[in-house]
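All of the numbers you see were taken from the coordinates with simple rules; none came from a lab. The model shown is predicted, which means the values in this text are computed figures rather than measured ones. Positions of Cβ are backbone-derived with ideal geometry, glycine not excepted, and every protein chain shown enters the neighbour counts.
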Amino acid sequence: MGQALHFTDDSFNKEVLESEQPVLVDFWAAWCGPCRMIEPIVEELAVEYEGKVKIGKVDVDNSPNVAMQYGIRSIPTILIFKKGEVVDTIVGAVSKNELVSRIQAN
């Protein structure tokens, strides 16, 4: 059963940048209310897109280097990567429909 992966400063390059599949990365923190609001949506997408899109999360408190590298200033921020490049950025809590349409567009 699919579930959102947890990316860290150490695993980010291999898991995200070198991935053959598109990757959706949710930058979040445990203390962030809007992050907790979209967490169930991210988990649902991980199940629905298993095998097609890699879905994961980066805890900005535990992996600050990746967050800094991509200029994450507010959370939640979702980046969609394709072939190691950022192809879409979504800032703030958005609906599942919005996330699905952005995934499908990329």
Those GluC sites (Glu not before Pro) from the stretch 1-30 that are DSSP loop and have at most 14 other Cβ neighbours within 10 Å turn out to be Glu18, Glu20
Output ordering of 32-39, 75-82 (per-residue mean of other Cβ within 10 Å, highest first) is 75-82, 32-39
Whole-Å distance linking the alpha carbon centroid of the stretch 55-106 with that of the stretch 1-40 is 8 Å
Going from the fewest other Cβ atoms within 10 Å to the most, one would list Asp26, Asp59, Asp10 as Asp10, Asp59, Asp26
Which of (i) 139; (ii) 123; (iii) 89 is the computed volume of the Cα convex hull per residue in Å³? It is (iii)
With +1 at each Lys and Arg Cβ and -1 at each Asp and Glu Cβ, the charge dipole magnitude of the chain around its Cα centre, to the nearest 20 debye, comes out at 260 debye
